Structure formats: C-alpha cells, structure tokens
Amino acid sequence: MNRKSTMPEGSYTTYLFEKGQDKILKKLGEECAEIIIGAKSNDRENTIYECGDFIYHLLVLLAEKGITPGEIFYELEKRKK
C-alpha cells in the first residue's frame, strides 16, 4: 500500500493506480489466464512466474480497494472452522 500513498513517478504500480480499477482488473484477468496456460502446459517455471505476476496484481487491487492482506488471511482462517 506504500506505493499507493507515494505514487513514485515512472512506476508501473503508479501507472496502474492512475489507470484505475478497470486496468487493474484487466491485468489480473490476463495473469490468471497465463497461469492456466502455464499449468496446463506443465511448465513449472512459467507457472511460478505467472503466479508471481498474479499475486502482484492482486496486491495492487487490494490496495486500490483498501483491503489489507491480513484481512484476506483472516478470512481464510475463519474457513478452517
């Protein structure tokens, strides 16, 4: 969330925040599709790489929405019961 408050010039993260939710969601969807392709192809390294991209874009979306990763972890913990 620090990038959202500082918005460094020239940063890809800043670019995403400036473009807004639709751009962030589009990138998240693209990365999801790339994970599926990598996994379906049994390409472990590519799947790992694309998962990294997906998690990055997910974190950007969470920051955009004011949701912390801790809130997500809390939700997952509740599901264990």
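Basic side chains Lys and Arg get +1 at the Cβ, acidic Asp and Glu get -1 at the Cβ, and with that the dipole of the chain about its Cα centre reaches some 380 debye. Note on region 1-59: dipole from Cβ charges, positive end direction compared against TYR49, GLN21, CYS32; the farthest Cα belongs to GLN21. Can you return the lysines within cross-link range of LYS26? Criterion is Cα-Cα under 24 Å, with same-chain partners fewer than 8 residues away left out. Counting by Cα, and skipping residues close in sequence, LYS26 has these lysines nearby: LYS4, LYS40, LYS65.
The order of ASP43, ASP22, ASP53, going from fewest to most other C-beta atoms within 10 Å of their C-beta, is ASP22, ASP43, ASP53.
Each value in this text was obtained by applying a stated rule to the coordinates, not by laboratory testing. From a predicted model like this one, the values you see are computed outputs, not experimental measurements. Every residue, glycine among them, receives a Cβ derived from its backbone with ideal geometry; neighbour counts consider all protein chains shown.
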